[in-house]
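To start, the structure under review is shown below, and the notes come after it.
The values are calculated or read from the model by the stated rules, or taken from the named source; none is laboratory data. Being a predicted model, the structure only gives us computed values, none of them experimental. For neighbour counting, all protein chains shown are included, and Cβ atoms are generated from backbone atoms with ideal geometry for every residue, glycine included. Heavy atoms of the whole protein, side chains included, go into the accessibility calculation; ligands, DNA and RNA do not. Shrake-Rupley method; radii C 1.70, N 1.55, O 1.52, S 1.80 Å.
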Amino acid sequence: MAGIVVVFDFDKTIIDVDSDNWVVDGLGATEEFERLLPTMPWNTLMDTMMGELHARGKSLADVAGVLRSAPLDPRVVAAIKACYGLGCDLRILSDANRFFIDTILDHHGLTGYFSEINTNPSAVDAATGRLRIAPYHDFHAGPHGCGLGICPPNMCKGQVLDRIRASAGAAGKRVIYLGDGRGDYCPSLRLGRDDFMMPRRGFPVWELICEDPSLLQAEVHPWADGAEMEETLLRLVGRVLLEERNLPPLDCKLESLPAVAVQDGMPMTLRIKN
């Protein structure tokens, strides 16, 4: 295994849309969503909307059907598979919910590539058959304690990243973090000098970073679309792999990285997920 943990946000990072909005809009509940939005936290609102959709006769299968149509760039899929093949530990850290993420990953055959999914829990109510969405951090019991002022009440991604970094599987490894939203700013501030932050250019986390880049210790490598994400991510993974072996940079096209890994200067077989 490579000494690299790649942490992906999900909405607008792995998939190209916000999965919550995608479901609400796809099942015709946008007006009700926007009416309720000013009245409650987003996580609570999504649980409420699942109840509203259920009351309108929309089944869990209807929700899943909409999720399966969410756009996912083939270059993002290729990047995930290549990083896994190169021995990276892939994880998801998202303010979506487990049912939405699992449904989309399963549809694209990507579930087994991730060692951990950190997100808001969800479950089907046995009595009613509706989907319930709960907060990752139970803010009704007390605040999560992050003082940054940006993290939503149900999840501080910075605290979750700290736990990931301290876990047995990730201790001492370098982190590459990819995200787009305001909630991804807190973890970007907790990355170290040997880590990498990949914010999506033109999105809220990029704008926050640009306000004062000196606040980050990690190198910042922005990306705009699936193709640039794949190129940038694989370039960084390749760089770390070479640095681990004290080898000079390869004089080769980056496109070759998904096909080969390097060990002692020679190609080696990649891990393939069946």
Dividing the mean separation of Cα pairs under 8 Å (6+ apart) by the residue count of the stretch 1-71 yields a relative contact order in percent of 42
Would you mind listing how long the stretch 35-120 runs along its three principal axes, going by Cα atoms, in whole Å with the largest first?
46, 24, 18
If amide hydrogens are placed 1.01 Å from N in the peptide plane, which non-local residues have theirs closer than 5 Å to the one on E219?
D195, M197
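For the chain, what is the mean residue ellipticity at 222 nm derived from helices alone (per DSSP H run of n ≥ 4: -39500 (n - 2.57); sum divided by total residues; nearest 500 deg cm²/dmol)?
Numbers: 10 runs with 103 residues, N = 274.
Estimated from H runs of four or more residues: -11000 deg cm²/dmol.
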Each label sits 7 Å from Cα toward the beta-carbon; between D102 and R193 the label points are separated, in nm, by 4.3
Excluding residues fewer than 8 places away in the same chain, name every one of the aspartates and glutamates whose C-alpha is closer than 15 Å to that of K173.
D89, D162, D194, D195, E243, E244
Mean-position separation - Cα centroids, the stretch 146-161 and the stretch 34-51, in angstrom:
19
Over 22 Å between Cα atoms, which of K12/K81; K58/K157; K58/K81 qualify?
K58/K157; K58/K81
Sorted by packing (mean other beta-carbon atoms within 10 Å per residue), highest first, where do 204-216, 169-181 land?
169-181, 204-216
The chain: angle of helix 157-166 to the longest principal axis, Cα-based, in degrees nearest 10:
50
Karplus (6.51, -1.76, 1.60) ³J(HN,Hα), θ = phi - 60°, over the stretch 64-71, in Hz, Gly and Pro reported as x:
5, x, 5, 4, 5, 8, 5, x
Over the chain, what is the relative contact order in whole percent, taking alpha-carbon pairs under 8 Å and six or more residues apart?
22
Residues whose built amide H sits under 5 Å from the amide H of L90, excluding neighbours closer than 5 in sequence, are V6, S115
Interchain or long-range residues, amide H under 5 Å from R130's placed H:
D125
One would report the antiparallel percent of DSSP beta bridges in the chain, rounded to the nearest 5, as 25
If you roll a 1.4 angstrom probe over the protein chains with everything in place, what fraction of the accessible area of the stretch 83-163 belongs to carbon and sulfur, to the nearest %?
52
Once both axes come from the Cα atoms, what is the angle between helix 226-244 and the longest principal axis of the chain, in degrees from 0 to 90, rounded to 10?
50
Regression test value, accessible area per residue of the chain, probe 1.4 Å, units Å², expected 45
